[in-house]
Structures are given as C-alpha cells and as structure tokens.
1. Residues being loosely packed, with under 13 Cβ neighbours inside 10 Å and over 20 Å from Thr11 (Cβ atoms): count how many of those fall in region 25-45.
2. Does Ala166 satisfy being in a helix (DSSP H, G or I) and within 16 Å of ligand 2 (Cβ to nearest atom)?
3. Would you be able to tell me the number of residues in region 417-435 that are part of a loop (DSSP other than H, G, I, E, B), on the phi < 0 side of the Ramachandran plot and not β-branched (Val, Ile, Thr)?
4. Are any of the residues in region 297-305 away from ligand 1 (no atom under 16 Å from the Cβ) and at pLDDT below 90?
5. Within region 186-196, can one find any residue that is in a loop (DSSP other than H, G, I, E, B) and touching a residue at least 12 places away in the same chain (Cβ under 8 Å)?
6. Any residue in region 264-277 that is free of Cβ contacts under 8 Å to residues at least 40 places away in the same chain and away from ligand 2 (no atom under 16 Å from the Cβ) sitting within a Cβ distance under 9 Å of a residue that is small (Gly, Ala, Ser) and not in a strand (DSSP E or B)? List the pairs, counting only those 6 or more apart or interchain.
7. (1) in a loop (DSSP other than H, G, I, E, B); (2) small (Gly, Ala, Ser); (3) over 21 Å from Gln208 (Cβ atoms): which one isn't true of Ala316, the others all being true?
8. Within region 305-325, how many residues are of a type in the set (D, E, K, R) and more than 13 Å from ligand 2 (Cβ to nearest atom)?
Amino acid sequence: MIREHPRFQKTAIIFVSAIQVNDLDLLRGYQLGAVDYVPVPVIPELLRAKVKVFAELYRKTRQLERLNAELENRVAERTAQLARANAELEQRVEQRTREREEALAQVHEMRKLESLGQLTGGVAHDFNNLLMAVLGNLELAKKYLRDQPRVLRLIDGAIQGGERGATLTKRMLAFARRQELKPEAVDIAKLVDSMIEMLRRSVGPAVQIATDFETGLTPIRVDPNQLELALLNLTVNARDAMPAGGEVTITACREQVGAGDVAGLAPGEYVRIGVRDTGLGMDEETLRRATEPFFTTKGPGHGTGLGLSMVDGLVAQSGGVLRIESRPTIGTTVEFWLPVSAARDGCEPEPSGAPLRVGEPRSFRVLVVDDDAMVAAGTAAMIEDLGHSVIKEQSASRALEHLSTRPNIDLVITDYAMPGMTGSELAAEIHRVLPGLPVVIATGYSGAPEETGLPRLNKPYRQQDLAALFATLTPLPAALSISRAASAGESESIGVLGN
Ligand SMILES: Nc1ncnc2c1ncn2[C@@H]1O[C@H](COP(=O)(O)OP(=O)(O)OP(=O)(O)O)[C@@H](O)[C@H]1O
Ligand SMILES: [Mg+2]
C-alpha cells in the first residue's frame, strides 16, 4: 500500500518483526519493498544506525539526482547554443552565397553591358559610315534633279529617314560612351531657361514643368547640346509616365562629394541635376533594366529604349554618375551628378581644336583617306561637286606613298579608325615630312584623342560641312608655297590651316 502511493515509491522501509523470519519470508518482504529487517526486541542503536545509513543513502541519491538534472540542463543549454551557432553559421553561409551570387550577377551584368556597348559602338560606327554615303549621295542627287519636284520630294523623304538614322546612331554611340563630345563650362540654370519653352511644347498642356535651382550655381563641364538632349529625353519619359498629366520638376544643387559618398563618383565638387515626376513609376524589373540599351516598355514603334542609356552614357563619359529612384504609382526621380568646370569665370565655350582662318575661295587638291571605299567615294563626290579635285587612298601607308611622290596636295581628309595606322598617326607622319600640309580628321566617335589638336569633321558630315571647311583654307605664305611647289614641280600656291 505504501509503495502504491507515488510519493513513497522510493521510501526506504525497514520491517520490524517479532517472529523468527526464515529466508523465504525475507525474500517475500524484499519483494514487497523492504530494504532491511530489524528483529524484536529492537536494539535502538542498531535501528538508529540502519536509519542513518538509509537517510545518508537517500541524501546521496537526491544529490545525485540534482547533479544529474543540472548536467542535463547544461547539456541542453549547450546543445541549444550549438544549434543557435549552427543556425547563425548557416545563415551567414547563405548570406555570403547570396552576396557572392549578387556580385557575380553584377559582374555578369556589367560584362553584358560592356560587350553590348562594344557591339553597339561598332554597329553604330559602321552604320554612321553607311549614312554618310547615303546622305552625301542623296544630297548630290538632289542637285541634278532640280527640275523634277516629285523625285525631289522622294529624295527629301529619304534624307529625312537618313537623318533619323543619324540621330539613332548618335544615341547608340552615346550609350557606348563613344560619341564625340564638346564639353564646355555650362550654366545649368541658363541652359534650362533657354530650352524650357521647347520642353513645354514637347510635354503638352497637361504636364506642368517647374524648376528649382540653387542660386549662384557653379558652371558644370559638359557638352551643352548633349545635355539638352538628355534633359529632353528625361522630360519626355516623365510625360509618358503621366498619361493623365502631372508635374515635372527639374532641380539642380551643388554638392561636395567625399570619398565613398556616392557609388562610382570620385571625390570633388559636383552639381546634382534631377528630373522628378509624379507619374506611374517603375516596378523593380523595369527599374533594374531602365538604362539598358533597347530596353523599353513602350511597345513597338513607341520607344527605342535608347533614351536613358543615352543619358547614362553621356553622364559617365562626362565624369558623372546617374541614379534612378522610382516607386510605382508615386513617381520617378532621375538624378545625375556632373563635375563643376575648372573654368569658373563665365560660361564661354572653351576652345577646341585649331581655329581655321578664312581664305579666298579657290580650287583645292584634296587627298581623301578612308578604308571604307563607299565613304571615300561619297566624300570625293561631294568635294568634286564643290569644284575641287580629289585623290582617294584606302590606307595611311598608301596615302604616305602618294604624298612622297606627288606632294602637290592642299588638304588631307583622313578617317580616324583605320587598320595599320590611325588618322592621327598619319597626320603626325605627314607633319614630319610636309609640315605645312593641313590634315583634317573625320570621325564619328570619340576614338580620336582630343589632344591631337587637329581640326575634325564629324561623321556623318554633309556637303555644307565640307564647304565650310574649304572656306577656312587660306593661301600658304610665299616661301612655303614656293618650296612645296618646286618639290611638286608645279606652280600653284597651296592652302594651309592657320593657327
Ligand atoms: N520617368 C519614368 N517613369 C516611369 N518609367 C520610366 C521613366 N523613365 C523611363 N522609364 C522606363 O524605362 C524604360 C526605358 O526608358 P528609355 O528612355 O531608355 O526608353 P524609352 O523611353 O522606352 O524609349 P525612347 O527613349 O527611345 O523613346 C521606359 O520604356 C519606361 O518603362
Ligand atoms: Mg525615353
């Protein structure tokens, strides 16, 4: 009965017996829960000693149980700690893996954009050459068809198409960061002020345009025409994002950027320009891909997807950085930093290349060097139509060969990017042997280094650009004219670009 009670299951029971117990009785007693026997008459010392032993045993057992429980607790705590550490480690490994994957994806994205840039730049460059030939020849064809108004209209349509193609190539070159830039000190407030009417016309009456410029902003160094184009692209994007109308705000403020303040921006003084709208905004995927070339959500025929990539390319090529913030249904802010100009006194254009002097109109002998026979032929046709004579060569070495035997040339127009020797290397070689002979570099992108100081023709150039170039040629000083003419065995004087 005692044993059945849960509290006394482990209690030591000493049987006190008055009768003589045999082994069988002892065994039965033990089975019933006895731990010991004391015969009657009870010897108190004996009973006390036995109780003491059992009490001691009980105490030790409790102590052992406590120690055991404590140990179990500690093991459990340690196991929990280990489990926590393990989970933390797993989380860290997961985070590192995610970071690594993100970094790899970023590198992949950058490589993709880089190769896309190279590809786009290459295609745009070749396309530019094709357009040169198309536009040049169409313009000449117009001259021979003055009495056929219907054909002239068709040609005008073709020229318009070609010009749109030229605009597209420029945007592609801008994305590839290979467009020809003419950076100047630009007062952003003045520039926006001068184009605000045009911007208002482009967005229509439903969209308000506001400006918010810090007063006394330092001029920035950027190509003003390209910056105008960039602001137009951004404003048109804002308009497209506000089909029911809204507000576009153009902002500009000065910012001193420290190391690591703005990702990708070198420390220095900048002006931060922003175009903010209250439009539909972009979802995450669109925001991530917005500056990718040819990425558009506007559907076929409505967007080329080159607007933002043009702006991004221009900003990067000008030493700045572009950032887009956008929240669906709230709106978008496109911001970019542009470095301030070192020339602080006024915003006059900084001189670029050698100025050309105006001379008397006369007939020149022009050596045209271009590895693209179609471009060379187009240029030659335009020059001949202006009343000058042309010799065409397809490489720098052939041009030098020609000049070594027949130096009676008044002007060399050379392509920049040619296999073997570039246009500027050719110019250096020409100036070594024929120091007075003017050389003009024709190029469609910024591959040609600025510091050559050589005059340039921007592809695709038109007949009027060539005419303007010839108008700047002036007769050679007598001495140079005589020595060159003598070596050429001719008597006509030769033009030179003044500087
Ligand atoms: N302000 C804006 N608000 C919402 N979405 C925008 C905004 N600006 C750009 N986007 C998104 O980014 C995409 C790419 O813009 P981008 O200017 O490069 O090309 P596009 O406007 O589609 O074409 P294009 O500029 O040739 O007309 C747009 O199609 C649009 O989805
Ligand atoms: Mg656009």
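1. 6
2. Criteria not met by Ala166.
3. The total comes to 6.
4. Checked against the condition, which is being away from ligand 1 (no atom under 16 Å from the Cβ) and at pLDDT below 90, region 297-305 yields no hits at all.
5. For region 186-196, residues in a loop (DSSP other than H, G, I, E, B) and touching a residue at least 12 places away in the same chain (Cβ under 8 Å): present.
6. Between residues of region 264-277 that are free of Cβ contacts under 8 Å to residues at least 40 places away in the same chain and away from ligand 2 (no atom under 16 Å from the Cβ) and residues that are small (Gly, Ala, Ser) and not in a strand (DSSP E or B), the close pairs are Pro267/Gly258; Pro267/Ala259; Pro267/Gly260.
7. (1)
8. Within region 305-325, residues that are of a type in the set (D, E, K, R) and more than 13 Å from ligand 2 (Cβ to nearest atom) number 2.
The values are calculated or read from the model by the stated rules, or taken from the named source; none is laboratory data. What you see is a predicted model; the values in this text were computed from it and never measured. Because the Cβ atoms are built from the backbone with ideal geometry, glycine has one as well, and the counts that use them run over all protein chains shown.
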